Amino acid sequence: MSDDEYVYEEDEEYMSGDCDEGDDGLEGMYYDAKDKIDDDPEAAVDGFRQVVEADEAKVKWGWKAMKRLVKVYFNLKRYDEMVAVYKDLLYYEFDGRTRNDTEKAISKLLDYTSTSASPLSAVSAMYDVTTEYVSTGVRNEKLWFTIKMKSSQALLESKEYDKCMKALEELKDWCRSPESPTTWDKKKGTQLMTVFATEIQLYQELNVLKKLKHLYEAAMSVEGAIPPPRITGIIKEAGGKMFMQQDDYEQANEAFFQAFKHYDEAGHPRRIQCLKYLVLANMMSRSSINPFDCQEANPYRTDPVELYGGGQKKRE
């Protein structure tokens, strides 16, 4: 999410009237600091810190100022201070704070600070603080799972494979049935497929083919799952590659077709690469079905891969 979008959401919260009257002083201090972010970020930091210190009544302006501080510290590469104020933010209580406030703040700030340019130590610290927070007291299971998944994906992107494996094993343990640890909890099928999708990406990078085959079969056998289309796309694409390596071009053709459809539904850029894989598998399987005649692929007829798909029957 861009900074402008984030600004709009915060301003919209204020405009909706959920802040108390009599906060004019804090409001003015907050917006004065916000106006300095681009031209004088150090002055903005001082301004936001003053808002937090002055918010003795614990209204929403201190909370909003701390969210800003996390982002400004990140942009200034002051990562220790970023993590410290983020931790303070998580435990900052104000009248009317809801679970939704917390979940939105965590999600947006982790996304904002977990970029390819972020130091791994800073990203890990942010996730460690968050995991500690969501595990305190009565654990919010949904939020815990979301944070652990984000952490696993960040570790994968940072090529911290051993740490990623450990995190994924912990997530799979969470997906097991409380009555029988050797079986999966059917109520957590969607989450389990999300874990498998990340694990598949991990072993694709490590090029461990036997493990990929096992994971694909395990993912396809999950019951009660309604995964997001991107997750299905990842799993089906991995299956298509596996079938290609086994010279099973008919199954590869079908797997790539399903991967393309799901990526397209998700608006994911992998759809184009998957369409090319689909055309190749289509040729190798000598299928009489033209992949470009399906509704999802038809708009891509002008792509150069169209050269490989002409003169065939329509997919039913």
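Using a probe radius of 1.4 Å on heavy atoms only, what accessible surface per residue do you get for the chain? Whole Å² is fine.
For the chain, the solvent-accessible area averages 53 Å² per residue.
What accessible area, in Å² to the nearest ten, does a 1.4 Å probe give for GLU42?
90
Probe radius 1.4 Å, ligands and nucleic acids left out: which of LEU280, LEU168 has the largest accessible area, and how do the rest follow?
Descending order: LEU280, LEU168.
Find, among the trypsin sites (Lys or Arg not before Pro) in the range 133-240, those assigned to loop by DSSP (not H, G, I, E, B) with at most 14 other beta-carbon atoms within 10 angstrom.
In loop regions of the range 133-240 (DSSP not H, G, I, E or B), the sparsely surrounded trypsin sites (Lys or Arg not before Pro) are ARG139, LYS159.
Considering only protein heavy atoms and a probe of 1.4 Å, how much of the accessible area of the chain is carbon and sulfur, as a whole percent?
Whole-percent figure for carbon plus sulfur exposure: 49.
Once R0 is set to 22 Å, what does the formula 1/(1 + (r/R0)^6) return for the Cβ-Cβ distance between SER107 and GLU141, expressed as a FRET efficiency to the nearest 0.05?
Calculated value: 0.85.
By how many nm would the segment from ASP32 to GLU56 lengthen if fully extended, with 0.36 nm per residue of separation less the alpha-carbon distance?
6.7 nm
Please give the charge dipole size of the range 23-146, origin at the Cα centre, charges +1 on K and R Cβ atoms and -1 on D and E Cβ atoms. Round to the nearest 20 debye. Don't jump to the answer; show the numbers that get you there.
Working: 18 positive and 24 negative charges, 121 e Å.
Charge dipole, the range 23-146, about its Cα centre: 580 debye, nearest 20.
Which value, in Å² rounded to 10, gives the accessible area of LEU275 with a 1.4 Å probe and all protein chains present?
My reading of the accessible area for LEU275 is about 0 Å².
Let me check against my output: what whole-number percent is the relative contact order of the chain, with C-alpha pairs under 8 Å and at least 6 apart?
In percent, rounded to a whole number, it is 8.
Using only protein heavy atoms and a 1.4 Å probe, report how much of TYR300 is accessible, in Å² to the nearest 10.
Its accessible surface works out to 40 Å², give or take rounding.
Mind sorting out which of (1) 1.32; (2) 1.22; (3) 1.00 is the real Cα Rg over 2.2 N^0.38 Å computed from the coordinates?
Checked against the structure: label (2).
What are the ³J(HN,Hα) values, in whole Hz, obtained from phi via the Karplus relation 6.51 cos²θ - 1.76 cosθ + 1.60 with θ = phi - 60°, for each residue of the range 186-195 in sequence order, with x given for Gly and Pro?
Each residue's phi maps through the Karplus curve to give 4, 6, 10, x, 5, 5, 4, 5, 5, 5 Hz.
From largest accessible area down, sort TYR112, TYR91, TYR127; use a 1.4 Å probe on the protein chains.
TYR91, TYR112, TYR127
The values are calculated or read from the model by the stated rules, or taken from the named source; none is laboratory data. Note that the structure is predicted; figures quoted are calculated from it, not measured. Positions of Cβ are backbone-derived with ideal geometry, glycine not excepted, and every protein chain shown enters the neighbour counts. For accessibility, only protein heavy atoms count, side chains too; no ligands or nucleic acids. Shrake-Rupley method; radii C 1.70, N 1.55, O 1.52, S 1.80 Å.
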